[in-house]
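The values are calculated or read from the model by the stated rules, or taken from the named source; none is laboratory data. Just so it is clear, the model here is predicted, and its values are computed rather than measured. Reconstructed Cβ throughout: ideal geometry from the backbone, glycine too, with neighbour counts over all protein chains shown.
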Amino acid sequence: MNAPAEKINLTYPIKDTHSLKITNSLPDMGNGPISVGPYIQSEYFEKEKQKVFSRAWINMGRVSDLIPKPGDYVVRDLDVLGFTLLLIHGTDGVIRGFHNICPHRGNGLAIRESGNARTLVCTYHGWSFNLDGSLKHVVGEESFPAFDRADYGIPKITTDVWNGFIFVNAQEHPEQSLVEFLGGLGKDLENFPFNDFNHIARYSAHVGVNWKSFIDAFHEAYHLIMVHARSFPHMAVKPGVWLPTSVRLHGPHHSVSVWADPDHKASPAEALAWKYGAAFTPGKDVPLPGLNPSADDNWWFDINTFFPNFFIDVGSGWYFTYNFWPVSVDETIWEMNIYQLDAKNAGQQIAQEYTKCLLRDVLYEDLSTMERLHKAMHSGALKTILPGTFELAVRHQHWTVEQWVNS
Amino acid sequence: MSKRLPESFAALASFTDKWVVSTEAERHLARLTAGMDELRSLYDAMLPRMEAIIEYLNGFDLKKLSEENRNLLILSFSFIEVSTSIEFFKSPTVPDGFDFRRFKVWK
């Protein structure tokens, strides 16, 4: 299906609403049913851990949220990568990642989840380390005769920062640098002013569903007509609202722009939000570099999926992130963080509150289908799923995982 | 016991005890566990005043609000919080939605 790199006019009954732009050629991903095997087989999950999560750059969150100041550290248990990560903001300003391991006998070095320190001291025998990971002091060093200090730093984990986002890579020498890995999607968002935004909300849930199904709930708009019929009532009844206006594939990543109904009628609270600030629903536009890269008419927001498990969705005056952490083939922890531009007055802050509350309530709707469909996949009655053209991102994600797993 | 509000909005005092709570997690839980009548009475009292509240609060530096003004702002957040229940869901919780006891609100 190698489509030309230009606008494709799909023929379907509402084609007069708008057309779907696919701005690059598509790999041959097929268009038939997809087996549910990869969503429920433990062996497949093990392969994903080795071939996907141990090779890709994995987002850990923002410096400003996790370790904003020199000396700050945070510990994250990463089941899917098989190690415990210790992230440290060095006194030299460098963000470094380590295994949370004392190289002497293997005790966990930081025993609290987060903190601020000038030196990390192992609670087992008191070996201490500088924030760059180098060994500082060994109690009774003379008792280690064959001992080269340089061999006893905290074991490193490859870590880099892009636009304030921390990424780690389980490989000592990754096949690609972080910037190379983020590729065209990173480039499109390069100048988005992430640093000007404030963190305003965080949500999480532990859900009985495969991580891929979970992700698939968030990069197509086709489900708006049913799942969000209550929260976007005027939009949901309008034919065509569930269409993406443009899709951009960037190697393993992709970006989908979503259409906004220009006739959308605001509810009373929403109308206040539009009048006094920037809201999630299409109201006033706040033009920022990186938004609406295909210059679509009636643009609403962009869904940016960074392979394998991270989203940055961007809109007028807000962005939010999702991280999907596989726990097992059947369980995933989902985290969402919402960011907004600094509110200059109470009206803007009330509008932001509206955006936050609406997004959160919409998430209850999104999460509602997850465990049902995972059970269905285990039932034996559902052998395949069938993503359509409007769910192109679902097919692309599935296809990319397959490519990596079989590489 | 009611919390202080600016004089021109004193009529809203009866809502402050429950709804002037500073975190989203507290306001959200208050909404999820309230009855629809209670949500409706807050919504109905606030909606016609919201423009006046915003115009009034916009006259102050957001970073240096007095206690009364901050209480009024937080009460407005609670109005926003309950608005989706009234305008969209006709229910304190999201109908057919994910179980709120399993959904963690961190802030």
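How about region A:295-337: which of its residues are aliphatic (A, V, I, L, M) and in contact (Cβ under 8 Å) with a residue 40 or more places away in the chain?
As a first pass, look at region A:295-337 and keep what is aliphatic (A, V, I, L, M): A:295, A:303, A:312, A:314, A:327, A:329, A:333, A:336.
Listed by number, the residues that qualify are A:I303, A:I312, A:V314, A:V327, A:V329, A:I333, A:M336.
Quick grid of which residues meet (1) more than 8 Å from chain A (Cβ to nearest Cβ); (2) among the charged types (D, E, K, R); (3) within 21 Å of A:S368 (Cα to Cα); (4) under 12 Å from the mean Cα position of the chain (by Cα):
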| position | (1), (2), (3), (4) |
| --- | --- |
| B:F77 | no, no, no, yes |
| B:E81 | no, yes, yes, yes |
| B:T84 | no, no, yes, yes |
| B:F100 | no, no, yes, no |
| B:K107 | no, yes, no, no |
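Look at (1) modelled with pLDDT of 95 or more; (2) at the interface with chain A (Cβ under 8 Å from one of its Cβ atoms) and you find that B:D96 fails only one, number (1).
Within region B:75-98, residues that are more than 24 Å from B:L65 (Cα to Cα) reach partners that are in a helix (DSSP H, G or I) and basic (K, R) with beta carbons closer than 8 Å, at six or more positions or on different chains, in the pairs B:S85/B:R31; B:I86/B:R40; B:P92/B:R31.
Here B:A13 clears all of (1) within 12 Å of another protein chain (Cβ to nearest Cβ); (2) over 18 Å from A:E353 (Cβ atoms); (3) in contact with a Ser or Thr (Cβ under 8 Å, 6 or more places away or on another chain) except the condition numbered (1). Can you pull out every residue in region A:350-402 that is over 30 Å from B:A25 (Cα atoms), polar (S, T, N, Q) and touching a residue at least 24 places away in the same chain (Cβ under 8 Å)? A:T384, A:T389, A:Q397, A:T400 - these are the residues of region A:350-402 that are over 30 Å from B:A25 (Cα atoms), polar (S, T, N, Q) and touching a residue at least 24 places away in the same chain (Cβ under 8 Å). At least 2 residues being assigned by TED's automatic domain parsing to the domain that holds A:V63 is the threshold, and among the strands (runs of 3 or more DSSP E) wholly inside region A:156-210 those reaching it are A:156-162, A:165-169.
The numbered conditions (1) at pLDDT 85 or above; (2) within 14 Å of chain B (Cβ to nearest Cβ) are all true for A:T281 except (1).
Restricting B:R31, B:R40 to residues that are more than 8 Å from every other protein chain (Cβ to nearest Cβ) and buried (at least 16 other Cβ atoms within 10 Å of the Cβ) narrows the list to B:R31. Here the condition is being crowded, with 17+ Cβ neighbours inside 10 Å, closer than 24 Å to B:F100 by Cα and in contact with a strand residue (DSSP E or B) (Cβ under 8 Å, 6 or more places away or on another chain); of A:A217, A:A170, A:A221, it holds for A:A221 alone. Of note, A:L131 does not satisfy the criterion of being free of Cβ contacts under 8 Å to residues at least 60 places away in the same chain, in contact with a Ser or Thr (Cβ under 9 Å, 6 or more places away or on another chain), in a loop (DSSP other than H, G, I, E, B) and surrounded by 17 or more Cβ atoms within 10 Å (Cβ to Cβ).
The criterion of at least 1 residues that are surrounded by fewer than 21 Cβ atoms within 10 Å (Cβ to Cβ) and within 13 Å of chain B (Cβ to nearest Cβ) is met by the following helices (runs of 4 or more DSSP H) wholly inside region A:310-407: A:346-368, A:370-379.
Restricting attention to region A:91-103, which residues are surrounded by fewer than 17 Cβ atoms within 10 Å (Cβ to Cβ) and either at pLDDT below 95 or not aliphatic (A, V, I, L, M) (or both)? The answer is A:T91, A:D92, A:G93.
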